[in-house]
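Undergrad: Next up is a structure, given as structure tokens.
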Amino acid sequence: MPMKKLYVFLTLPLFIVTFCIGTASATTGSATMAVTVTVASSISLILQTDASGLTLTNSGTSAVTAAFGTMSAYGGTVPTGVTRTVNAPTNWKISTPFDPVVQVANQTSATYTLTAQLQTADSTNTWAIGATTVTSASAATLTSTGTYGTSALTFSLTIPFSETAGLVSNTINFVATAN
Amino acid sequence: MLRATKWGMMAALALLAAPGVSGQCLPIVCSLTLTLQSDASGMTLGGSGTSSATLSFGSMQAFGGALPSGATKSVGTTNWTISTPFDVKVTCSNLLTLLPCTLLLTPTYSLTAELQTANAIDTWKIGGVTLNSTSASTLTSNGTYGAVTAYTFALTIPFSESSGTISNQINLLSVCN
């Protein structure tokens, strides 16, 4: 085949593709991403300062501190948000409100149960949350019909007059369980 | 030889100047490849570097629990969100090795994403764009070929949803502009 005809033969298809197809169909690329996650139910319990109570350190977390500082049955300083009640000649009590916040996720539950237990045995002082005495022997139920969200409880510590002056400290362990 | 050169040049000019080519790819000339890959800051994708990837978060919960490396969790008052970045790369391959792709088409592409299966409970997002299964959502209309672009995948799960497995497939499509 003459070279000129060969060149036309080779070039002509290019012209056909260019001019004869008109608007060519858009070129595309595709990909897929398969996503999986297994959702487990969960519950959250945090403690926060009550508007009328003693300021908690690390308020809004699950590990807070209520530091009353130096207090005495008679005279002395009473921290803001703390109430002191003297029951002479037997004992005196300090108390303050605080707020537990309980939330539940991905579980059908209308209420929760909240318990409290002292970390270390204390046979001298009386530790209480609301009207419930809290000991280290077993977890005491504070409520079995708790409503999710924010609630208010009152912590109190009763100190007998017979107790020697010094540091009183302990940890209260709270557990919230979805009903 | 000169005649061969002349005809060759005419062919090249025809391809460059042809009105039917502007703004569109010639399917016999160019092809697009869309691949997904793990982002340096994100979770490891299964099938990274291919067009078929998997993103497996495993067991997760709103409060507490484990968090996969590269995943982020944020908890609100009524829902919680898990998210992670991943990378998208669109390349253009010219089947005519003598000419670069950019001479035959605009240097940008559009990228869309669509859920394979309807999900009225959870919220699926890529790059802040909410996805659904009824229509493709545009992630970008001016993507750059060859560039590795990071997008953030996010899944928002309401507290009211029962525990269990959430799964779906996201279909991504790149189209040359």
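Values quoted throughout were computed directly from the atomic coordinates according to the rules given, and no laboratory measurement underlies them. The model shown is predicted, which means the values in this text are computed figures rather than measured ones. Virtual Cβ from ideal backbone geometry, glycine too; neighbours counted across all protein chains shown.
Undergrad: What residues qualify as long-range amide H neighbours of A:Gln48, i.e. H under 5 Å apart, gap of 5 or more or another chain, H built at 1.01 Å from N?
TA: For A:Gln48, the qualifying residues are A:Gly60, A:Asp99, A:Val101.
Undergrad: Oh, and also: Please state the equivalent ellipsoid semi-axes for the range B:46-155: what are the square roots of 5 times the Cα gyration tensor eigenvalues, largest first, in whole Å? Provide the component values of the computation, followed by the final result.
TA: Working: eigenvalues 222, 51, 27 Å².
Over the Cα atoms of the range B:46-155, the ellipsoid semi-axes are 33, 16, 12 Å.
Undergrad: Taking Cα centroids, how far is the range A:26-52 from the range B:80-95 in Å?
TA: The two parts, judged by their Cα centres, are 20 Å apart.
Undergrad: Separate question: Where the centre of each part is set by its Cα atoms, how far does the range A:70-120 sit from the range A:145-179, in angstrom?
TA: Answer, in whole Å: 5.
Undergrad: Which one, A:Ala40, A:Gln103, A:Thr90, projects farthest toward the positive side of the charge dipole computed for chain A from Cβ point charges (K/R +1, D/E -1)?
TA: A:Ala40
Undergrad: Now for a different question. May I ask you to evaluate 6.51 cos²θ - 1.76 cosθ + 1.60, the Karplus curve with θ = phi - 60°, for each residue of the range A:28-35 and list the ³J(HN,Hα) values in order in whole Hz, giving x for glycine and proline?
TA: Values, residue by residue: 10, x, 10, 8, 10, 9, 8, 10 Hz.
Undergrad: Taking Cα atoms of chain A, Rg/Rh with Kirkwood Rh, to two decimals? Walk me through the numbers on the way to the answer.
TA: Values: Rg = 35.6 Å, Rh = 21.4 Å.
Reported Rg/Rh, Kirkwood definition of Rh: 1.66.
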